[in-house]
Amino acid sequence: MKLGEIIEFIDEEIPKSLALESDEIGFKKDYDLAQRITSIKIFMDLLPEDDAGENTLIITHHPPSFTPKTPTYTIHSNWDIMDGGANEALADTLNLEVIAYFDSDTKIGRICKANQSFIELKNNILKNFKNVRVVNNLNDEKSVKDVGIISGFGLKNPDYVTLAKTRNLDVLISGDLTLETAVLGKKLGMTLIDLTHHDSEVPGLYALADILKELDIDVEVIDKNPMEVIK
């Protein structure tokens, strides 16, 4: 299949018009749209050593910090915002029911129904995620009804922590927890769960792959985190 045909399919399924105005999406340079593509590789972040592959299209979630030689297409905030995108994939992984947008102005994040005890929510999180931190840990038997989720960066934004409290959510789940937002969470009595930025967005990579498999081309998710845990 030609590169241009694949991009047309992607743009129809995940409209670029949904992206935030300042976001870097799409190609960083012009590529030959007539070239034949036989495989698609999906990365969260592209590193220079991964910039290789004949007849390959690379798709990244985060914009690359360099201009790749291999055709590389970025799907970022439009995938976060769209219905059925990264946030729904995270909700599915956590067995939560999406009921509304978290930030109704930007459609960033989701509000979900949990209707379970905190231990049930916690066990499901720990089954799917390894590097988890919490602010204001709840009693295991505490009933959790409404949960906010934001794939990626949500816990570094103090406004989002405040909004979660304003909207009477029991828990806010995201990544990128900072000391500032942890202290704010303590002050507000808001329970925050940090899955890490990378890990909270990984379910979205696999959901994206499922869409692209409709093209009948080999699609591979490469879950490569540039940050490693010291053991």
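Quick one: Karplus J couplings for region 171-177, per residue in order, coefficients 6.51, -1.76, 1.60, θ = phi - 60°, nearest Hz, x for Gly and Pro?
These are the phi-based 3J(HN,Hα) values: 8, 10, 10, 6, x, 6, 4 Hz.
Could you tell me how far the Cα centroid of region 1-69 sits from the Cα centroid of region 160-213, in Å?
The distance from the Cα centre of region 160-213 to that of region 1-69 comes to 27 Å.
Check which residues have an amide H placed less than 5 Å from SER117's amide H, if you skip close sequence neighbours.
Hits under the 5 Å cutoff: VAL144.
Given LYS165/LYS224; LYS113/LYS213; LYS29/LYS130; LYS130/LYS186, which pairs have Cα atoms separated by over 26 Å?
Beyond 26 Å: LYS165/LYS224; LYS113/LYS213; LYS29/LYS130.
Below 8 Å, C-alpha to C-alpha, sequence gap of six or more: please give me the relative contact order for region 57-190 in percent.
18
Residue farthest toward the positive end of the dipole of region 1-140, with Cβ of Lys/Arg at +1 and Asp/Glu at -1: which of ILE108, ILE42, LEU121?
LEU121
What is the calculated FRET efficiency for ASP210 to ASN123, with r their C-beta to C-beta distance and R₀ = 30 Å, to the nearest 0.05?
0.70
Would you pull out the residues with amide H under 5 Å of VAL221's amide H, same chain only if 5 or more places away, H placed 1.01 Å from N?
HN-HN under 5 Å from VAL221: ILE42.
Using only the Cα atoms of region 83-194, build the gyration tensor, take square roots of its eigenvalues as a ≥ b ≥ c, and label the shape rounded, prolate or oblate: rounded if a/c is under 1.5, else prolate if a/b is larger than b/c, else oblate.
Since a/c stays below 1.5, the shape of region 83-194 is classed as rounded.
Nearest 5 is fine: what % of DSSP beta bridges in the chain come out antiparallel, could you say?
Roughly 45 percent of the beta bridges in the chain run antiparallel, per DSSP.
Taking only the C-alpha atoms, wrap a convex hull around the chain and report its volume per residue in Å³ as a whole number.
132
Can you give me the relative contact order of the chain as a percent, contacts being Cα pairs under 8 Å and 6 or more apart?
Over the chain, the number comes to 19 percent.
Run the paramagnetic zone check for PHE9: 7 angstrom along Cα to Cβ, then residues of region 57-71 with backbone nitrogen under 14 Å.
Inside the label zone: 57-59.
Restricting the count to DSSP beta bridges whose residues both fall in region 83-194, what percent are antiparallel, rounded to a multiple of 5?
65
Say a paramagnetic label sat at a point 7 Å from the Cα of ASP51, along Cα to Cβ; which residues of region 66-82 have their backbone N under 12 Å from it?
66-72
Can you work out ³J(HN,Hα) from phi for every residue in region 42-51, in order, using Karplus 6.51 cos²θ - 1.76 cosθ + 1.60 and θ = phi - 60°, giving whole Hz and x for Gly and Pro?
10, 10, 6, 10, 8, 9, x, 5, 9, 7
Would you please give the residues with an amide H less than 5 Å from that of SER39, counting only those at least 5 places away or on a separate chain, with H modeled from the backbone geometry?
LEU57
Taken together, the values in this text are just the output of simple stated rules run on the coordinates, not laboratory data. Model, not experiment: these values are computed from the prediction. For neighbour counting, all protein chains shown are included, and Cβ atoms are generated from backbone atoms with ideal geometry for every residue, glycine included.
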